[in-house]
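The values are calculated or read from the model by the stated rules, or taken from the named source; none is laboratory data. Keep in mind it's a predicted model, so treat the numbers as computed, not measured. Here Cβ is always computed from backbone atoms with ideal geometry, including for glycine, and neighbour counts include all displayed protein chains. For accessibility, only protein heavy atoms count, side chains too; no ligands or nucleic acids. Shrake-Rupley method; radii C 1.70, N 1.55, O 1.52, S 1.80 Å.
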Amino acid sequence: VVPIRFGPAGERRKPDATLLVLRDLTQQRRVEQMRVDFIANASHELRTPLASLSGFIETLQGPARNDTPARERFLKIMGEQARRMSRLIDDLLSLSRIEMTAHMRPEAEVDLVAVVNHVRDALAPLALERGVAIAFVPPAGPVMARGDRDELIRVFENLVENALKYGGAGEEVTVTLVRDGGEAIVGVRDYGPGIAPEHLPRLTERFYRVDTAHSREQGGTGLGLAIVKHIVARHRGRLVIESRPGEGATFSVRLSARFPKDEKTEVSSAA
Ligand code: ADP
């Protein structure tokens, strides 16, 4: 509280007005705590593969020096750990880049049908490996959203990849693209074990995983859905997660879009 005095300098009298300065310290502390937690988590995530690499290097220099089969096995694991660190660093950099540009809405016109087709092709090898079919019946014409093509590819690659990784082997992954007024809804559905309700609100937090060991086994960094959330927000869209244990999960992204083919049909049917 800052008392404001008016009148000649030095004159002792009661303040005529009081300026009350309020700052939301709770919010400030929460942001600060999140930053500290994030750095602690990121360091821990990077230190885990690094510790494993150091352990293998020592073993290779000592006990396993002349054991060729063991050496081959260890080198393979070391390669996987190095790739994991590099994925994590890539994801951390992506996240910070997206956050830095959160206020700038990407402006290019992107066809969501082409984006989904691209994602399906890119993930075909993983789908084959898992014995899962990615089903996508595209709409009759293009669906144009304003955005950044690479970022939108990233969103749907993450969602389809998660559906393949966590959706259970042998089941299908279905991608739908439908119109709802002036919006397009892209849904990625799997028929896997689903997600318990208590986890749903926290899934998009950085490094939040339902089962950390399983996520690591699948090569996950724990940052995928945080990246998805930020990209969707930057596109002024909405991410909705629906799931019930035992009944799979659906991740839907709503984006405002244009439907040029429908417009043409509307015009020609009006004529
Ligand atoms: P990760 O790199 O661990 O996959 P994500 O941020 O992409 O990180 O996902 C966070 C967590 O959400 C995952 O570790 C997993 O536990 C859970 N999850 C994501 N997608 C699905 C899904 N389709 N079915 C079940 N669980 C999922």
At a Förster distance of 41 Å, what's the computed FRET efficiency of Glu129 paired with Glu32, Cβ-Cβ distance as r, to 0.05? 0.45
Potential extension, Ala40-Val21 segment - 0.36 nm per residue separation minus Cα distance: 3.5 nm
Give the shape of the chain as rounded, prolate or oblate, defined through the alpha-carbon gyration tensor: a ≥ b ≥ c are the square roots of its eigenvalues, a/c under 1.5 means rounded, and otherwise the shape is prolate if a/b is larger than b/c and oblate if not. oblate
Once you keep just the Cα pairs under 8 angstrom separated by 6 or more residues, what percentage relative contact order results for the chain? 17
Counting other C-beta atoms within 10 Å, and keeping those with at most 13, which DSSP coil trypsin sites (Lys or Arg not before Pro) do you find in the range 189-247? Arg236
Contour minus Cα-Cα span, Arg216 to Glu172, at 0.36 nm per residue, comes to 13.6 nm
Rounded if a/c is under 1.5, else prolate if a/b is larger than b/c, else oblate: which is the range 131-267, with a ≥ b ≥ c the root eigenvalues of its Cα gyration tensor? prolate
Hey, with R₀ at 22 Å, roughly what FRET efficiency would Ala114 and Arg179 work out to, going by the Cβ-Cβ distance, to 0.05? 0.85
Using label points projected 7 Å from each Cα along Cα→Cβ, tell me how many nm separate Arg65 and Asp262, to one decimal. 7.1
Along the range 134-150, Karplus-curve 3J(HN,Hα) (6.51, -1.76, 1.60; θ = phi - 60°) to the nearest Hz, with x for Gly and Pro, reads 9, 9, 8, 9, x, x, 5, x, x, 10, 9, 10, 8, x, 10, 4, 5
Tell me the GluC sites (Glu not before Pro) within the range 95-176 that lie in a loop according to DSSP and have at most 11 other beta-carbon atoms within 10 Å. Glu107
Divide by every residue of the chain the summed helix terms, -39500 (n - 2.57) for each DSSP H run of at least 4, and state the resulting mean residue ellipticity at 222 nm, rounded to the nearest 500 deg cm²/dmol. -16500 deg cm²/dmol
Counting alpha carbon pairs within less than 8 Å and at least 6 residues apart, what relative contact order, in whole percent, applies to the range 191-271? 33
Heavy-atom accessible area per residue of the chain, all protein chains kept, 1.4 Å probe, expressed in Å², is 60
Carbon/sulfur accessible area of the chain, % of total, 1.4 Å probe, equals 56
Place a label point 7 angstrom from the Cα of His199 along the Cα-to-Cβ direction, then list the residues of the range 139-183 whose backbone nitrogen is under 11 Å away. 166-167
Within the chain, what percent of beta bridges assigned by DSSP are antiparallel, to the nearest 5? 90
Compute the Rg to Rh ratio over the range 118-177 from the alpha carbon atoms, using the Kirkwood formula for Rh, and round to two decimal places. 0.99
What is the Cα centroid distance between the range 128-147 and the range 48-84, reported in whole angstrom? 40
From Cα pairs below 8 angstrom and at least 6 apart in sequence, can you work out the relative contact order of the range 20-99, rounded to a whole percent? 31
Row for the range 181-253, column shape: gyration tensor on C-alpha, a ≥ b ≥ c, rounded if a/c < 1.5 i.e. under 1.5, prolate if a/b over b/c, else oblate; value oblate
